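Rule-based calculations on the coordinates, nothing more; no lab input. This one's a predicted model, so the numbers in the text were calculated from it and none came from an experiment. Neighbour counts are summed over all protein chains in view; Cβ atoms, including those assigned to glycine, are modelled from backbone coordinates with ideal geometry.
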Amino acid sequence: MALLQISEPDAAAIPRPQHRAVGIDLGTTNSLVATVRRGIAVALPDVEGRALLPSVVNYGASGATVGYPAVEALVSDPQNTIVSVKRLMGRGLADLADARRFPYRFTEGAGMVQLETRAGIRTPVEVSAEILRVLRLRAEASLGGALDGAVVTVPAYFDDAQRQATKDAARLAGLNVLRLLNEPTAAAIAYGLDNASEGIYAVFDLGGGTFDLSILKLSRGVFEVLATAGDTALGGDDFDHRIYCWALERSRIGPVSPADTRLLMMKAREAKENLTAHAATLFAGTLSTGERVDLALTAADFAAMTETLVGKTLAPVRRALRDAKLTPRDIDGVVMVGGATRMPQIQKAVGAFFGTPPLNNLDPDQVVGLGAAIQANVLAGNRAEGDDWLLLDVIPLSLGIETMGGLTEKIVPRNATIPIARAQEFTTFKDGQTAMAIHVVQGEREKVSDCRSLARFELRGIPPMVAGAARIRVQFQVDADGLLSVSAREQTMGVEAAVAVKPSYGLSDADIARMLEESQVHAAEDMEQRALTEGRVDAEMLIAATEQALASDADLLDAAERGGIESALAEVRRLAGANDRHALATATAALNRATEPFAARRMNRNVSRALTGRKVDTLTQG
Amino acid sequence: MRLRRELQRLIDFSQDYFALFGLAPRYRFDPEQLERAYRALQREIHPDRHAAGDEAQRRLAAQSSARVNEAYRALKDPVERAQYLLSLRGIDALAETNTALPVEFLERELERREAVADAEATGDAPRLDDLLRTVRADGSGLESRLAEELDRESWDAARDSVRELKFLAKVADDIETALAALES
């Protein structure tokens, strides 16, 4: 595997402490937790050996259950058994064109839809957190202790609100989120590192409820996403629903109860799965009313009734290709991800479109979680020799602000590589105007009303001037999670008035703290213990990093600087073994301060090396 | 803050984009060289490479990485690169005082816009695809002209070419939006 042989010329031989890091695929239908063991990514199974956890939560009389036990309540308790909650993340009631399809009792919450359950009102964030918590506990049991961090995957086409909601759910489940990672990109990491591939690949990811198409360039250990497109409300669920509608129509049964809807939807899913390997299947069951449904479905009929859905996946494919300025012939391989890509009509359509048989050599249900585990391992500081790869991802949808006339002014274009910072200047339109409302939106359409509203805030304290004289600089920053923060500043007359916002579609930090308390994820002493553990992990990481830096680049320091770092280091070492987390935090901060200039000088040295081509030469040998 | 000053030296925020990648400030260059330098830089400064560092280090990494992404984007795209080269000469190609485009260019583009509108109204996707291809072909022709103008330092001519290219890019963008709307 040529790809894996690339190594840093100055890679240290000092072993670092291993951190407990996991990748989590939080799917519409199934979820998965994986980790890297002895250099290999593996899914962590439950006690019965099952890797997949059905993304189903039942709020029963005796509390919440998740996974297989909850599946058993699907038909008997439809309104308190939540499936496909991922489709509700970061969504208001108005966004849910298919709200009637769900048997839940919806209520409108602050920015996001809520569900009335036996346990009370629950947000999609809380429901998702139940699933994530089970996966966290599974991983902790398997790895023998608290997790240092997790990479959680999201559909590449998730907007800011959906990403923020996912991150909130993970925090609520007690996870330290190292990164939100795009699902097709996670799959590409697992695929690329496994197959030592070079070239331009498309990842076709059709899950239970979301569809992504990403185009990546794999070259010398760099995974560069060129473009991504998708549909966050299109997946295997929709194919099940077609069969369900067909069955209702054929058997001429009228409106059915929520329980019977669930039953028929489950039968529909079984039929769909049967048709992967068979030319025909039975669709049979008895409703609670005693009515009998007895139908036969052929693969050809199924393909015909889902033709539009299949067509809907190809529109984003064309869009991504256009954005990347490529044609289907430029694609070296199409990697299939997500259980729904098992459907023969999907395989056929993708093969025909690209003129090449799609690649199916990885388990479509696991590949995303495995890729996330590989990324988590590296981000947690377990980077081993051979892990010298880099991921360059993009933002899926344009970001902008509302201007006069309800139109959008784009500031960050879609498919821009992240992290990215972009600013634009605006001015006042009235004499003496001292405040300006800023409305942040995401989407491709020109009219603000057709885009997603992310946040509104006001910049106050603009010095009174004639219209057009003020210069207001609005700065957008998108971090490596694809999350946005916005700030605005008045530039003339030396007056500064700045405000920073986080899109408020998700939950505020205070909300998270309150919910954490309410759900009693951690009792007080648990919190204390956790803080100490986290402090120790930080300290250990810093000790290892500092030792390694001293081993390789001590010549950048004079004697006094070196002495200062050594004594701060000794203090951290001493306190890492004690039980006073506050003293440890102080010592860690002191060591951080002492090593700041050193870190910058080392970065400087590495960059010069990179630019003078030393590293480039090493790479081309790989 | 000392760390910040150190970083400004290494990803010197005052140096131009070409210098950032160790390239001569010329329009025509080896795109492979730009890509190699971009990747080498990101390998050092990308936030993923500093995930285990302290907060200041992570912030610096994010900031430098964003700067390098922005520079790469500006140089990779031919029109943006030309615009950037002109801006290094103090010429703002899109300043509102320079609104004039040649009449024959405008006439041709007006016709093209009508054709696009017609195809859009009748939902004629193949025709839109055709129009997109010709706009792009015209664009690459214009790019070669622009390259020559920049090479012989005819700044005014280059500025006009950039304006025309920007116009074509907008037309191409509109056609793509129309195509996307037809597909969904």
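Brief remarks on what is shown
- Distance violations [Cα-Cα > 19 Å] among A:430/B:170; A:325/B:170; A:217/B:170; A:325/A:348: A:430/B:170; A:217/B:170; A:325/A:348
- Approximate spin-label separation residue A:430-residue A:555, in nm, with each point projected 7 Å along Cα-to-Cβ: 6.5
- Helix A:524-553 and the longest principal axis of the Cα set of chain A meet at an angle near 60°.
- Cβ-based exposure ranking for A:403, A:434, A:210, A:341, in which fewest neighbours within 10 Å come first: A:403, A:434, A:341, A:210
- Net length available on complete extension from residue A:446 to residue A:356 is 28.7 nm, with 0.36 nm assigned per residue and the Cα-Cα distance removed.
- Projecting the Cα atoms of A:150, B:83, B:31 onto the charge dipole of the protein assembly as shown (Cβ charges, centred on the Cα centre) puts A:150 farthest toward the positive pole.
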